[in-house]
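The structure appears right after this line, and notes come after that.
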């Protein structure tokens, strides 16, 4: 197939730091440009100097990678040179701009979470299906080779029968103006780091995974949930305990506790390109370190998106995965 021509809505930090290096090495896609919001597309008053700062960021994209700077999101979405849109806006803006892109016949590559509600996500997926368009949610850790290598250890029976999974992801408090702490922008620990833990647990537990219990916790002075926990279980009775937070000491851990041994690893959700993660496997009184493979998960996520653009079956499977993730998040929110 021809390369998928992708434009970026918003010159965000993750787009410049992670998306752009990845797409340079992806033979299935090419970058065509980045868009700033026009004055009419901003919600509410625009803080002094913000539009100039956004233009400067967009020019940094052009200086480093070429491509066009679009004067509005609408101009990018309607451009005949754009097949697909990468959308790294704050979560509360995903639904609005993804819907407009789909209505204009553009495939959508969304940063996680897909939207801030399961209902909005289902609406986008229904619209995409009706138009034969791809939607992809960028939980890129799911493509890392370390997951398959850890699964091989489990499948070989080294740990015995799995008794429990534990997944923890949290990080120290960021700057006060970070969108993660802004309810209107779709902030909150559940939608940010919590979604990662749910995604990994659902992969580990399989198709029958469901949320059994959940708890979201708040801190004085913040309008969003700051940390939380949940328990998931499958039809075989295997349990996953999840914990997450954005006012926590850093953790990014998976523990698999079996009848014979235990495996732990510390970069299960955030291993960057080129980083070689390790796992500790303890059997009885002996512990060994297992070297796991490095990988480029952002590139593989873009490649997955391109396959969804090209293949009807893969596209439909991806719809189901995105809908399932949104429903799990909704279930945790409901408690």
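The values are calculated or read from the model by the stated rules, or taken from the named source; none is laboratory data. Source: prediction; values computed, not measured. All Cβ positions, glycine included, derive from the backbone under ideal geometry; neighbour counts span all protein chains shown.
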Taking only segment 298-308 into account, find how many residues are surrounded by fewer than 20 Cβ atoms within 10 Å (Cβ to Cβ) and either under 14 Å from residue 5 (Cα atoms) or modelled with pLDDT under 95 (or both).
2
It is to be established whether one or more residues within segment 204-225 are under 21 Å from the mean Cα position of the chain (by Cα), assigned to a helix (DSSP H, G or I), farther than 24 Å from residue 176 by Cα and in the same structural domain as residue 170 (by TED's automatic domain parsing).
yes
Let me spell it out: the conditions are (1) farther than 20 Å from residue 304 by Cα; (2) surrounded by 16 or more Cβ atoms within 10 Å (Cβ to Cβ), and residue 106 meets all of them except one. Which number is the exception?
(1)
Filter segment 151-196 down to residues that are touching a strand residue (DSSP E or B) at 6+ places or on another chain (Cβ under 9 Å) and either closer than 20 Å to residue 243 by Cα or at pLDDT below 95 (or both), then give me how many there are.
18
If I filter segment 88-103 down to residues being surrounded by fewer than 20 Cβ atoms within 10 Å (Cβ to Cβ) and free of Cβ contacts under 8 Å to residues at least 60 places away in the same chain, which single residue comes out as farthest from residue 182 (Cα to Cα)?
103
Going by what's in this entry, would residue 231 be described as part of a helix (DSSP H, G or I) and either closer than 17 Å to residue 335 by Cβ or at pLDDT 95 or above (or both)?
no
Just the residues that are surrounded by fewer than 23 Cβ atoms within 10 Å (Cβ to Cβ) and assigned to a loop (DSSP other than H, G, I, E, B), please, taken from segment 112-132.
112, 117, 132
Pull out all pairs, ordered by first then second residue, where Cβ-Cβ is under 6 Å, the residues are six or more apart or on different chains, the first lies in segment 16-43 and is not assigned by TED's automatic domain parsing to the domain that holds residue 67, and the second is outside any strand (DSSP E or B).
none
I need the full set of residues from segment 7-17 which are more than 13 Å from residue 70 (Cα to Cα) and surrounded by 19 or more Cβ atoms within 10 Å (Cβ to Cβ), in order please.
12, 15, 16
I'd like the full set of residues that are more than 15 Å from the chain's Cα centre (by Cα) and either surrounded by fewer than 18 Cβ atoms within 10 Å (Cβ to Cβ) or not assigned by TED's automatic domain parsing to the domain that holds residue 159 (or both), limited to segment 267-282.
273, 274, 275, 276, 278, 280, 282
Do we have residue 208 as buried (at least 18 other Cβ atoms within 10 Å of the Cβ) and touching a residue at least 12 places away in the same chain (Cβ under 8 Å) here?
no
Within segment 1-99, which helices (runs of 4 or more DSSP H) (wholly inside it) include 1 or more residues that are touching a strand residue (DSSP E or B) at 6+ places or on another chain (Cβ under 6 Å) and within 22 Å of residue 114 (Cβ to Cβ)?
20-24, 73-77
